[in-house]
Amino acid sequence: MGRKEILQENKFNPIEEMIVGGPEQEIGSKMTENFVSVLAGTPVKQAMRELIKQAADNDNISIIYVVDEENMLVGAISLKDLIIARESTKLEDITERSCQFVYADELIDECMERLIESDEDSVPVLDSENRLVGVLLAQDITHLVDEAMGDDYAKLGGLTAEEDMQEPLKQSIRKRLPWLVILLGLGLLVSGVVGLFEQVVASLTVVICFQSLILGMAGNVGTQSLAVTVRVLMDSQLRGRQKLSLVAKEAKVGLCNGLLLGVLSFCLIGLYLMAKGETAQMAFSVSVCTGIALVISMGLSSIFGTAVPLLFKQLNIDPAVASGPLITTINDLVAVVAYYGLAWLLLVQKM
């Protein structure tokens, strides 16, 4: 019998497994046997005696776990509910059967989301047959989350692992250099594309003023989509149609935000250039170009910010490692082509 069938038989409500970057260790290596358990069907008075007996060796008593005769987890009882229960109360009436849990053979990064969502003092750890073998205490969960977040932060920066103060210089260089070389090549490509628009810059120098605006907003949107996508990729059951839906959704979000910011920039940039002494026609011609460039670059950046990590996941490459710096450079390229291309079409060609 598989895990799902066992859970259904025991009336559990499991949450879908999520994958967050983190230490590649099994939960069993982090669990403790510091917990109290009672047998299902035990009278409340006897359960209290069992709690007092086990508390001598286990101080984690805020949650009492209920197991059957084969030590399979049935549910959990809070200490408060057990204390205030009357002797006539049946143990199953105060047992919470849909408690959060993890498996001992699960990798930490496979169940991090469930650990983060849990607001209990401890989370039960089960073996493959749903037998209770240990618990993760709140402080252990906090430590695991800190490790996972630090690992993810390092990966999004293009590193293979979080560095520390004691790491040798050569090792730090070896971690960072490969991606920096790749990004150098892509950066030269972006510079080469800008060079193709020398005529635009020479004919209309004012467009340079708003280049950083376009590149910055495209990078911000791409980073947002990347963060959302990496989080969604936690779901190991994500299907092809769901991936397409995610790309479509992020594209819509990027386009809608681009439209709103494009209209806002059209007004503000037009008024700014008029205040600088430009004619209304020139001022709003530049602002139209900037506004449309924002819409295009933000829409495309959202698509790339979603599609690239999905592609890397398909290729069995860690999206967090491969996507961070790469998305930024790709977005720069998209924004440059969109902005200067529109400036050439809408402004220089009509001069």
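Which residues, taken from the range 34-63, are part of a helix (DSSP H, G or I) and under 20 Å from ARG131 (Cα atoms)?
Matches in the range 34-63: ALA47, GLU50, LEU51, GLN54.
Of these, VAL221, VAL193, VAL263, VAL200, which one is crowded, with 18+ Cβ neighbours inside 10 Å and more than 18 Å from the chain's Cα centre (by Cα)?
After ruling out the rest, the residue left standing is VAL200.
Here is a list of conditions, (1) small (Gly, Ala, Ser); (2) farther than 23 Å from VAL336 by Cβ; (3) in a helix (DSSP H, G or I), and ALA307 meets all of them except one; can you say which number that is?
ALA307 satisfies every listed condition except (2).
Keeping to the range 190-235, report how many residues are aromatic (Phe, Trp, Tyr) and assigned to a helix (DSSP H, G or I).
Looking only at that region, the number is 1.
Can you work out which of the residues in the range 289-314 that are aliphatic (A, V, I, L, M) and out of contact with any Leu (no Cβ under 8 Å at 6 or more places or on another chain) is nearest to ALA335 (Cα to Cα)?
Restricting to residues being aliphatic (A, V, I, L, M) and out of contact with any Leu (no Cβ under 8 Å at 6 or more places or on another chain), the top hit is LEU300.
Quickly run through the range 226-263 and pick out the residues that are among the polar types (S, T, N, Q) and touching a Pro at 6+ places or on another chain (Cβ under 9 Å).
Scanning the range 226-263 gives a single hit, THR229.
What tally of residues in the range 5-33 results from selecting those that are at pLDDT 50 or above and part of a loop (DSSP other than H, G, I, E, B)?
Residues in the range 5-33 being at pLDDT 50 or above and part of a loop (DSSP other than H, G, I, E, B): 5 in total.
Please tell me if ILE292 is touching a Ser or Thr at 6+ places or on another chain (Cβ under 9 Å), part of a helix (DSSP H, G or I) and either more than 18 Å from THR223 (Cα to Cα) or of a type outside the set (Lys, Arg) (or both).
Answer is no for this residue.
Restricting to the range 170-189, name every residue that is of a type in the set (A, V, I, L, M) and either outside any helix (DSSP H, G or I) or within 23 Å of VAL337 (Cβ to Cβ) (or both).
The answer is ILE182, LEU183, LEU184, LEU186, LEU188, LEU189.
Can you tell which of ILE317, ILE327 is assigned by TED's automatic domain parsing to the domain that holds GLN211, at pLDDT below 85, outside any helix (DSSP H, G or I) and of a type outside the set (Lys, Arg)?
From the options ILE317, ILE327, the qualifying one is ILE317.
Here is a check on your reading of the model: is LEU271 over 15 Å from LEU342 (Cα atoms) and buried (at least 18 other Cβ atoms within 10 Å of the Cβ)?
So LEU271 fails the test.
The values are calculated or read from the model by the stated rules, or taken from the named source; none is laboratory data. All values derive from a computational prediction rather than experimental measurement. Note that we place each Cβ from the backbone using ideal geometry, even for glycine, and neighbour counts take in every protein chain shown.
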